[in-house]
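What follows is one structure encoded as structure tokens, with my remarks underneath.
The values are calculated or read from the model by the stated rules, or taken from the named source; none is laboratory data. None of the values given here were measured: they were computed from a predicted structure. Cβ placement follows ideal geometry from the backbone for every residue including glycine, while neighbour counts extend to all protein chains displayed. Areas reflect the complete protein model, heavy atoms only, side chains present, ligands, DNA and RNA absent. Shrake-Rupley method; radii C 1.70, N 1.55, O 1.52, S 1.80 Å.
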Amino acid sequence: MNIKSLLLGSAAALAAVSGAHAADAIVAAEPEPLEYVRICDAYGAGYFFIPGTETCLKIGGKVRTEGKWYDAYDADSHNGTLWHTRAELQLQTATDTEYGPLKTNTELRWDWNDGNATSTNLLHASISLGGFTVGKEDSQFNVFTGYAGDVINDDVVYDGPYELNQITYNYDAGNGFTAVISVEDSNSGKFATGANGEDSTNHYLPDVVAGVGYKAGAWAFKVVGGYDSIVEEGAIKARVDADFGVFSAFLMGGWNTDGDKLNKYAGAGSEGIGWGDWAVWGGVGVPVNEKLKWNLQLAYTDSKVFAATTNVKWNPVKNLLIEPEVSYTNWDSINKDQWAGILRFERSF
């Protein structure tokens with residue numbers, strides 16, 4: 001056998017072996033397709049689709065640190081400096097349904113005060129669909145009217161309850177007319193046991209809030225009422241807002257259905273003093289430029305509590321706020337007054 005025959009025979013053998021094992025050849029698996037995060041702009045800026053779902057998620061929050069001098073709510077506060085730091089995390093979701101967007105709102109808050117242990121609070125947790133909201137939010141007595149002025153110490157004169165469980169329906173006609181009705185938990189909030197010592201142990205009736213509003217151009221008007229089913233009294237607030245471009249202003253008045261009693265909607269503010277029969281708030285905001293704004297709020301009650309607060313809100317860069325504020329409170333009925341100050345730094349995201 002010569003060399004040529006040997007080489008031809010070897011090649012034939014190798015070809016036969018290769019053909020016999022062709023069915024067993026290893027084939028590389030197809031790579032899994034990458035799914036990038038998709039922007040979800042149907043519900044506003046900041047939302048994105050959770051991968052693999054049709055649910056949109058928005059993550060936000062803030063970090064705040066501030067120094068305080070004295071206390072606008074306490075005439076006997078003489079602390080030189082108090083330092084307070086806070087972090088908040090907010091998660092919002094939205095999914096399109098045949099009844100409109102199905103949304104959730106969850107907000108957690110952590111506070112640290114002058115070396116005290118950190119406190120944690122579930123600030124908000126609610127579900128909304130088709131105009132209905134259920135869960136924990138601030139009372140619609142405050143939310144619907146828009147709270148008070150654009151200052152930190154806006155509720156030295158009490159303007160309503162915060163953070164309580166509720167079932168709420170909001171209506172927006174699309175032509176400037178809005179309305180709200182809310183059934184609120186009578187056993188949550190500041191006056192859960194009754195503002196005047198009423199026992200709520202066997203109490204099964206909720207509180208009720210209802211309001212209407214109308215906005216046309218630069219003007220807006222809203223009125224809202226709240227009924228405290230434990231105290232069996234309530235309060236009404238009416239508010240007018242106007243935006244003139246070079247400045248904005250508001251005027252809000254409140255009426256207590258029984259000035260001799262405190263209730264959840266006309267409760268005790270600073271120093272534990274209530275409105276009496278009525279309370280009034282007013283304020284202005286002046287945007288100096290796109291980074292600087294000056295605010296002033298004044299408030300007065302039938303019980304002769306006077307509160308004044310002014311601040312400057314400065315945004316040196318986007319989402320960073322530096323806010324110095326000064327407050328003065330006078331409690332004529334106890335012949336006391338107080339000056340107070342705050343310097344706040346806040347980064348939102």
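The heavy atoms of Val312 offer some 50 square angstrom of accessible surface to a 1.4 angstrom probe. The figure for Arg239 is an accessible area of roughly 20 square angstrom, using a 1.4 Å probe on the protein chains alone.
Once you list every other residue whose beta carbon is under 10 Å from the beta carbon of Ala299, what net charge do they have if Lys and Arg are +1 and Asp and Glu are -1?
-3
Among the trypsin sites (Lys or Arg not before Pro) in the range 266-349, those located in a DSSP loop and surrounded by at most 14 other Cβ atoms within 10 Å of their own Cβ are Lys291, Lys304, Lys318. Here the extension length gained between Leu102 and Leu292 equals 64.7 nm, from 0.36 nm per residue of separation less the Cα-Cα distance.
Across Ser248, Ser139, the residue with the most accessible area heads the list, and the full order at a 1.4 Å probe is Ser248, Ser139. Across the range 161-167, in residue order, what do the Karplus-derived ³J(HN,Hα) couplings come to in whole Hz, using 6.51 cos²θ - 1.76 cosθ + 1.60 with θ = phi - 60° and x for Gly and Pro? Karplus-based 3J(HN,Hα) across the range 161-167 equals x, 10, 6, 8, 6, 7, 10 Hz.
Length gained on full extension, Val240 to Asn79: 54.2 nm, using 0.36 nm per residue less the C-alpha separation.
If the chain linking Ile167 and Leu91 were pulled fully straight, counting 0.36 nm for each residue of separation and taking away their Cα-Cα distance, it would gain 25.3 nm.
Each residue of the range 68-79 was assigned a 3J(HN,Hα) from its phi angle through the Karplus expression (A = 6.51, B = -1.76, C = 1.60, θ = phi - 60°), giving 10, 10, 6, 9, 5, 9, 9, 5, 9, 7, 10, 6 Hz with x at Gly and Pro. A probe of 1.4 angstrom, applied to the heavy atoms of all protein chains, finds Asp337 with accessible area near 80 square angstrom. Only helices enter the 222 nm calculation for the chain: every DSSP H run of n ≥ 4 contributes -39,500 (n - 2.57), and dividing by all residues gives -2000 deg cm²/dmol, rounded to 500.
How much accessible area per residue does the range 199-349 have, in Å², with a 1.4 Å probe? Numbers along the way, then the final one.
Working: 7520 Å² over 151 residues.
Dividing the accessible area of the range 199-349 by its residue count gives 50 Å².
Both radii were evaluated on the Cα set of the chain; the Rg over Rh quotient, with Rh as the Kirkwood radius, amounts to 1.27. Per residue, the accessible area of the range 99-141 comes to 52 Å² when a 1.4 Å probe rolls over the protein heavy atoms.
Legend: residues Ile152, Ile167, sorted from most to least accessible area (1.4 Å probe; ligands, DNA and RNA excluded), read Ile167, Ile152.
Expressed as a whole percent, the accessible area of the chain that falls on carbon and sulfur atoms is 61 (1.4 Å probe). Relative to the longest principal axis of the Cα atoms of the chain, helix 3-20 runs at roughly 40 degrees. Shown are Ser333, Ser128, Ser327, Ser119, whose ranking by accessible area with a 1.4 Å probe and every protein chain present, most to least, is Ser333, Ser119, Ser128, Ser327.
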